[in-house]
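Enquirer: What follows is a structure written as structure tokens; I'll ask about it next.
The values are calculated or read from the model by the stated rules, or taken from the named source; none is laboratory data. All values derive from a computational prediction rather than experimental measurement. All Cβ positions, even for glycine, are placed from backbone atoms using ideal geometry, and neighbour counts span all protein chains on display. Keep in mind that these areas ignore ligands, DNA and RNA; they rest on the heavy atoms of the full protein, side chains included. Shrake-Rupley method; radii C 1.70, N 1.55, O 1.52, S 1.80 Å.
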Amino acid sequence: MILRSHIKNKVLNTLFPEKCPVCNENSSDHKTAPICTVCWNSIQPYEGPRCNRCGLPLNSDSSIICGECIKDEPAYRSVRTFGLYKGPLKKAINLLKYHNMKRLSKPLSEIILRMEIPQVDAVIPVPLYKDRLRQREFNQSALLAKFTARKSGASLIVDCLVKVKDTMPQVGLSSRDRRKNLRNAFGVENKELIEGKVILLLDDVITTGATVRECSRVLKKAGAGNIYVIGLAHGTRD
Ligand SMILES: [Zn+2]
Ligand SMILES: [Zn+2]
């Protein structure tokens, strides 16, 4: 089986040689292509100080909860992401998200599974607005959630949390505007599916954190139990 996939890999690479977009060398592993093995293996977890609640990377470890979480307590228990949104990890996420490279969802899911996944009943991806979904044809977070649910033995729920309003990108907005932008953007259908359930909410990149905050708020309001948020990468807030 391993031999067969090795041969398949070789054949595919001979037929479709690809340049790694990070280092510009030939990519020798079809599984992570176009990103080469060397660049892929350089994807490392972030191990610096973070806010215990929202997972935001902090400059010093003197405070364990960031100012925003103290001021406005989130509905989720915690946010954890694997790495920082930069380098090959950023490249891989963007290729999946904006260049339709669905095959990267598998190796990226394996990165998620390298983290400690809390014991949950259900995995829910952060949804896209329906027009945007059509635009990209699929939801990258749903693909990641599918693998994560399968491996962790939890059920995957995609028809519960929905995005009902299109929103502007959050980057560059003040914290007040971010909240305004997301107001009434998400809704919960089929509430009975999540009532009392421990939820793993999954997003690809957590930038301002406002999206997972809002999703957790509506899930909690609809009767969900504890919510844990997991993402691939963390951007910085500014
Ligand atoms: Zn490379
Ligand atoms: Zn925080």
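Enquirer: Could you run through the stretch 92-112 and say how many residues are under 18 Å from LEU200 (Cβ atoms) and open to solvent by 60 Å² or more (accessible area, probe 1.4 Å)?
Expert: Residues meeting the conditions: 1.
Enquirer: Still on this model: Out of the strands (runs of 3 or more DSSP E) lying entirely within the stretch 123-209, which hold 3 or more residues that are in contact with a helix residue (DSSP H, G or I) (Cβ under 8 Å, 6 or more places away or on another chain)?
Expert: 186-188, 199-206
Residues checked against (1) within 18 Å of the chain's Cα centre (by Cα); (2) surrounded by fewer than 19 Cβ atoms within 10 Å (Cβ to Cβ); (3) touching a residue at least 12 places away in the same chain (Cβ under 8 Å); (4) part of a strand (DSSP E or B):
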residue	(1), (2), (3), (4)
GLY55	yes, no, yes, no
SER62	no, yes, no, no
ILE65	no, yes, yes, no
ILE70	no, yes, no, no
THR81	yes, no, yes, yes
LYS90	yes, yes, yes, no
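Enquirer: Residues in the stretch 34-42: is at least one open to solvent by 40 Å² or more (accessible area, probe 1.4 Å), in contact with a Phe, Trp or Tyr (Cβ under 9 Å, 6 or more places away or on another chain), at pLDDT 90 or above and away from ligand 2 (no atom under 13 Å from the Cβ)?
Expert: The answer is no; no qualifying residue exists.
Enquirer: Next question, about the same structure. Going by what's in this entry, would ARG77 be described as at pLDDT below 95, more than 21 Å from LEU108 (Cα to Cα) and more than 10 Å from ligand 1 (Cβ to nearest atom)?
Expert: No.
Enquirer: Moving to a separate point now. From the list GLY196, GLY223, GLY209, exactly one residue is on the phi > 0 side of the Ramachandran plot and modelled with pLDDT under 95. Which is it?
Expert: GLY209
Enquirer: Oh, and also: Between VAL205, VAL198, which is touching a Phe, Trp or Tyr at 6+ places or on another chain (Cβ under 6 Å), among the β-branched types (Val, Ile, Thr) and either open to solvent by 30 Å² or more (accessible area, probe 1.4 Å) or assigned by TED's automatic domain parsing to the domain that holds PRO107 (or both)?
Expert: So the residue among VAL205, VAL198 that is touching a Phe, Trp or Tyr at 6+ places or on another chain (Cβ under 6 Å), among the β-branched types (Val, Ile, Thr) and either open to solvent by 30 Å² or more (accessible area, probe 1.4 Å) or assigned by TED's automatic domain parsing to the domain that holds PRO107 (or both) is VAL205.
Enquirer: Restricting the search to the stretch 226-238, which residues are part of a loop (DSSP other than H, G, I, E, B) and at pLDDT 95 or above?
Expert: ASN226
Enquirer: Quick one: in the stretch 208-238, of everything that is of a type in the set (Ser, Thr, Tyr) and within 19 Å of ASN94 (Cβ to Cβ), which residue is least open to solvent (accessible area, probe 1.4 Å)?
Expert: Filtering first and then ranking leaves THR208.
Enquirer: Taking CYS39 as meeting all but one of (1) under 24 Å from ALA145 (Cβ atoms); (2) within 16 Å of ligand 1 (Cβ to nearest atom), write down the number of the exception.
Expert: Failing condition for CYS39: (1).
Enquirer: Something else: So how many residues does the stretch 156-182 have that are within 17 Å of the chain's Cα centre (by Cα) and open to solvent by 40 Å² or more (accessible area, probe 1.4 Å)?
Expert: Final tally of qualifying residues: 4.
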